[in-house]
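To start, the structure itself, in structure tokens.
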Amino acid sequence: KDQWLKGAGFDELEGNENPYYQAWPKLVCGAAVDEALYRRSLDWIRDAGAGPWFLTIETVTSHIPYLDPATGQMNVEASFRYADRWATWFERELEQRGFFEHGVLLITGDHRAMVPIEPGEKERFGIGYSSRVPLVLVDKHRPAAERIDGLFKQSDLAVSFQHWLGERVALGKFQASLFED
């Protein structure tokens, strides 16, 4: 993915070859476990200082073949519980460190669940039925917890963060911002 990520504008790339991950187990796709990624990311955030900056963390515990880091066995429920536990831990650590005074956390999948489309999904979800992905936004400056059911696409993320940073953006029929009321 290095060439693709560089082409997408990432300045720094770090993977499982980083010495930090040497002592950590590597399971799915040879990647370090979520705990290691989150702990390393907290170090990166501390060292990065004031922003703006954009950090992407790609975890794979909740990806096929669903290997539970605690046992190394295939177990869908256990792998998702592990992923949820460490994502929650990371969010709490960010909160304790004051990250959300000037930052936001966005958690999303990179694709729809890798299972067949269920009968009735098209009628239930409409036009985006085949490409729906979960997205959680932690932004302490939004007025209250809310569910956002708008149609967005991955390319809207860049313009959303430009909007969040106060840059001028032109939103039209085919572009949206998660931060637009």
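The values are calculated or read from the model by the stated rules, or taken from the named source; none is laboratory data. All values derive from a computational prediction rather than experimental measurement. Positions of Cβ are backbone-derived with ideal geometry, glycine not excepted, and every protein chain shown enters the neighbour counts. Just the protein is used for accessible areas: all its heavy atoms, side chains included, with ligands, DNA and RNA removed. Shrake-Rupley method; radii C 1.70, N 1.55, O 1.52, S 1.80 Å.
Summary table below
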{"quantity": "Of the chymotrypsin sites (Phe, Trp or Tyr not before Pro) in the stretch 15-103, those whose Cβ has at most 16 other Cβ within 10 Å and which sit in DSSP loop", "calculated": "Trp53, Phe54"}
{"quantity": "Euclidean distance of C-alpha centroids, the stretch 73-105 and the stretch 146-181, integer Å", "calculated": "24 Å"}
{"quantity": "Viscosity 1.002 mPa s, 20 °C: Kirkwood-radius Stokes-Einstein D of the stretch 79-131 over Cα pairs, µm²/s", "calculated": "153 µm²/s"}
{"quantity": "Protection-proxy order for peptides 70-78, 27-35, each taking the mean of Cβ atoms within 10 Å per residue, highest first", "calculated": "27-35, 70-78"}
{"quantity": "Spin-label pair Leu106/Arg92, simplified geometry with 7 Å Cα→Cβ offset, distance in nm", "calculated": "2.6 nm"}
{"quantity": "For the chain: relative contact order, % (alpha-carbon pairs under 8 angstrom, 6 or more apart)", "calculated": "12 percent"}
{"quantity": "Contact order relative to length of the stretch 32-138, as percent, for alpha carbon pairs under 8 angstrom and 6 or more apart", "calculated": "20 percent"}
{"quantity": "Calculated diffusion of the stretch 1-75, Stokes-Einstein form, Kirkwood radius summed over Cα pairs, 4 °C and 1.567 mPa s, µm²/s", "calculated": "95 µm²/s"}
{"quantity": "Kirkwood Rh and Cα Rg combined as Rg/Rh, the stretch 1-125", "calculated": "1.00"}
{"quantity": "Directionally averaged projected area (convex hull, Cα atoms, the stretch 42-181), nm²", "calculated": "10.5 nm²"}
{"quantity": "The chain, accessible area per residue, ligands and nucleic acids excluded (1.4 Å, Å²)", "calculated": "70 Å²"}
{"quantity": "Sparsely packed trypsin sites (Lys or Arg not before Pro) within the stretch 1-105, loop by DSSP, other Cβ within 10 Å at most 14", "calculated": "Lys1, Arg97"}
